[in-house]
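Written out below as structure tokens is the structure these notes cover.
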Amino acid sequence: MKPDRWHGVPTRLRPLVEPSSRRGFFRTAGGLLITGSVLAACDSDGPERAGRWLAYAEKKNEGLERALFQHTAIGSAPASVQSAKGEFPSYFVSDTAPVWDDAASGVWRVEVKGLVARPLSLSLDDLRRMPLVTQRVPHFCVEGWTAVAEFTGVRVSSIAAAAGAKPDAAYVDFASFDDGYHESWDRESAEHPQALIVIAKDGAPLSPAYGAPARVHAPVKLGYKNTKYLTTLTYLPERNGGYWSDKGYEWYGGT
């Protein structure tokens, strides 16, 4: 389901923090240029030509976002901005919040596979024993709201190193038990220092509403790219799609 733009979102979260003005300016300008080209294509040649222009537009916009991406840039929320806490909106694609059932499925683990030298199967305890990072950062939703929370987890780059992700693994797919939800990322974004496999939010273990037992989160990607209810990281030579990406949302989804 596609969430309503402001449904259930408190006024003070609309929005709290905006992405970098420089990046936002270039993305907006690039989007306007590409959009104009697409509109020009929607003439008597019909939807086939428009479809080609849309594919071209996505490729050009992604190229612009990749060019603006700064792997060393660290985002944070201003101290003056209040954390959303329990007002942080929660979304999932199942009819109700997914809950891992140990009795039916065994103890939860996240599998790390694909183009890796050492496939991993990590429990929550395994993740807790790895170096943990806590960061207070904004979460940017494609619907327009922004909320701040404190996330604690293991860097995806640390997991990639432990698994021995191979040089030709240019992408990683994050899959979940939320009705088949998944989204793939470029390897560079996945290894940003603030890209985490999160196990706690605001000092407490994740609740089912926010993706328990573990989820992906990074302020460098829009919310729909941050897979909740995580079960698998698969390292790939080529990118695949994703739940929302396959429905027409931008694949790169950078902020």
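The values are calculated or read from the model by the stated rules, or taken from the named source; none is laboratory data. Treat the numbers as computed from the prediction; the structure is a model and nothing was measured. So basically every Cβ, Gly included, is an ideal-geometry build from the backbone, and we count neighbours across all protein chains shown.
Structural remarks
- Checklist (1) charged (D, E, K, R); (2) under 14 Å from the mean Cα position of the chain (by Cα); (3) outside any loop (DSSP other than H, G, I, E, B) applied to Lys228, failing item: (3)
- Residues located in segment 72-118, provided they are of a type in the set (Val, Ile, Thr) and at pLDDT 95 or above: Val93, Thr96, Val99, Val107, Val110, Val112, Val116
- Top-ranked residue of segment 134-146 - restricted to ones that are among the hydrophobic types (A, V, I, L, M, F, W, C) and assigned to a strand (DSSP E or B), ranked as surrounded by the most Cβ atoms within 10 Å (Cβ to Cβ): Phe140
- Residue satisfying all of: in segment 119-148; of a type in the set (D, E, K, R) and out of contact with any Asp or Glu (no Cβ under 6 Å at 6 or more places or on another chain); modelled with the lowest pLDDT among these: Glu143
- Remark: pairs (first residue in segment 193-221, in contact (Cβ under 8 Å) with a residue 24 or more places away in the chain; second residue in a helix (DSSP H, G or I) and of a type in the set (Phe, Trp, Tyr); Cβ separation under 9 Å; 6+ apart in sequence or on different chains) = Val198/Tyr210; Lys201/Tyr210.
Okay, residues lined up against (1) at negative phi; (2) under 16 Å from the mean Cα position of the chain (by Cα); (3) aliphatic (A, V, I, L, M):
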site	(1), (2), (3)
Glu143	yes, yes, no
Thr146	yes, yes, no
Phe151	yes, yes, no
Val154	yes, yes, yes
Gly164	no, no, no
Tyr171	yes, yes, no
Trp185	yes, yes, no
Ala190	yes, yes, yes
Ala195	yes, yes, yes
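- Selected residue (criterion: surrounded by the fewest Cβ atoms within 10 Å (Cβ to Cβ)) from residues of segment 149-170 that are free of Cβ contacts under 8 Å to residues at least 40 places away in the same chain and closer than 14 Å to Pro119 by Cα: Ala161
- The sole residue among Ala149, Ala209 that is in contact with a Ser or Thr (Cβ under 7 Å, 6 or more places away or on another chain), under 25 Å from Thr255 (Cα atoms) and assigned to a helix (DSSP H, G or I) is Ala209.
- Among residues of segment 101-129 that are among the aromatic types (Phe, Trp, Tyr), those with a beta-carbon under 9 Å from a residue that is assigned to a strand (DSSP E or B) at least six positions away or on a different chain give the pairs Trp108/Thr231.
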